[in-house]
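Coordinate-derived values only; no laboratory data. Predicted, not measured: the structure shown is a model, and the values here were computed from it. Because the Cβ atoms are built from the backbone with ideal geometry, glycine has one as well, and the counts that use them run over all protein chains shown.
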Amino acid sequence: MTVRFPQSLARYFARKGSVTVNGVSLTVNSVDDRRFSVNLIPHTLAATNLGDLAAGSRVNLEIDLVARYVERMLSETGTGS
């Protein structure tokens, strides 16, 4: 599955990082400028609402908690944005 995200969130996505899509925690498979992809196994598709999504569906994204901690630590040291 490929998901487009707002440019303002780009710094939080990294390959092999975590993301939550519609409440389902997933591992980022790849990421580019405005999109990331995840691999979905049949069980995940059957046991979650992700199997009901169609192209263009809007989803809720939650960024990786570790990324938020890193951003906070960097901002406190004056080296973050």
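Annotations for the structure displayed:
- Going by neighbour counts of Cβ atoms within 10 Å, the residues MET1, MET73 line up, fewest first, as MET73, MET1.
- About the Cα centre, charge dipole magnitude for the chain (Lys/Arg +1, Asp/Glu -1 at Cβ), debye: 120
- Here the spin labels are modelled as points 7 Å beyond Cα on the Cα-Cβ line, and at ALA55 and GLU71 they lie 3.1 nm apart.
- For the chain, adding -39500 (n - 2.57) for each run of n ≥ 4 DSSP H residues and dividing by the number of residues yields -7000 deg cm²/dmol at 222 nm.
- Toward the positive end of the charge dipole of the chain, with +1 on the Cβ of Lys and Arg and -1 on the Cβ of Asp and Glu, the farthest Cα among THR48, LEU74, MET1 is that of MET1.
- In order along segment 15-20, the phi-based Karplus estimate (6.51 cos²θ - 1.76 cosθ + 1.60, θ = phi - 60°) of 3J(HN,Hα) comes to 4, 6, x, 10, 8, 10 Hz; Gly and Pro are listed as x.
- Against the chain, whose longest principal axis comes from its Cα atoms, helix 65-77 is set at around 10 degrees.
- The candidate values are [x] 17.4, 59; [y] 11.3, 33; [z] 13.8, 45; the one derived from this structure for Rg and Dmax of the Cα atoms in Å carries the label [z].
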